[in-house]
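A.B. asks: Below is the structure I would like to discuss, written out as structure tokens.
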Amino acid sequence: MSKYRNEQLNRVLMSRRSVVFKDRKHPTRQKLKQQLKKEKDADRSAGSVMMAPIVIDLEWNRSFPGRSPIEDLPNEIIQIGAAKIDPELNVLSTFSELIKPRYYPRLCREITELTLITDADLADAPPFLTVIESFRRWCGTDCVFISWAPNDVIELRRNCRKYGYDTSWIPDCYDAQLMFDDMEMQQDRNWPLNYALYHFNEKPDGMHNALADVMSTISILKHLDLEEGLSDEYFKVIVERT
């Protein structure tokens, strides 16, 4: 799915917050969407397997207040939650694992208060490399990530690099928060997950943890045009491919 990414359109993508991309009807943005649609239609005609959407959410720990963070790892993942969905946003399969942290072994109080995850919960949890290998196998090869805001896939790549784990398997990720703002609010701002739930009169899916936030994100996506969202490069998270 890369033939349509010529240099001119890529330059526009990298300036996604420009006036060009804020305007949903701008010719350049429409041209990019049309080229992507043609590419997807060609894949369907050729019988190619379509990318399976996976909604992901991560929880992470960090250094204690007043202490300097590790330069290349400001946040260490302690939980991965994910759900595979079909085109109608039905949940097909879920993944949820705690991770025993190595670099920030003690949880900050605010992290425990937010997630209700404790040091005792993580004491017997598997290490990052075990969980990420299991998660990679669960994801498969033909998938695309969806997350609320861009942070999750950025932290996933950063943690993989810190642990010396390959990042080439991590697929493209689309920003559900940006979809919510662009399709519903049109105010060019970031929105908390809980506000979007409130906006659509949806209730949070249990306590704040990775899988619960995944389910809440799916509840919001049911009010948006996900097919359009996955066909518009504006919503793709821009990451450093290293």
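Just so it is clear, none of the values below were taken in a lab; they were calculated from the coordinates. This is a predicted model, so every value here is computed, not measured. For neighbour counting, all protein chains shown are included, and Cβ atoms are generated from backbone atoms with ideal geometry for every residue, glycine included.
A.B. asks: Obtain the nm distance between the two label points defined at residue 102 and residue 137 by a simple spin-label model: each point lies 7 Å from its Cα along the Cα-to-C-beta direction.
C.D. replies: So the label points at residue 102 and residue 137 sit 1.9 nm apart.
A.B. asks: Could you tell me the distance between the Cα centroids of the range 121-142 and the range 169-242, to the nearest Å?
C.D. replies: One Cα centre to the other: 23 Å.
A.B. asks: Sticking with this structure for a sec: Pairs of alpha-carbon atoms within less than 8 angstrom and 6+ residues apart define the contacts here; what relative contact order does the range 51-235 have, in percent?
C.D. replies: Details: 296 pairs, mean separation 46.7, N = 185.
Rounded, it is 25 percent for the range 51-235.
A.B. asks: Using r as the Cβ-Cβ distance of residue 120 and residue 199, and R0 as 41 Å, what FRET efficiency do you calculate, to the nearest 0.05?
C.D. replies: Details: r = 36 Å, r/R0 = 0.89.
For residue 120 and residue 199, the calculated efficiency is 0.65.
A.B. asks: Could you check the spin-label model distance between residue 90 and residue 113? Points 7 Å from the Cα along Cα→Cβ, value in nm.
C.D. replies: Taking the two extended label points, one gets 4.2 nm.
A.B. asks: Just want the answer: with Cβ charges of +1 for Lys and Arg and -1 for Asp and Glu, which residue in 183, 168, 216 is farthest toward the dipole's positive end in the range 156-242?
C.D. replies: 168
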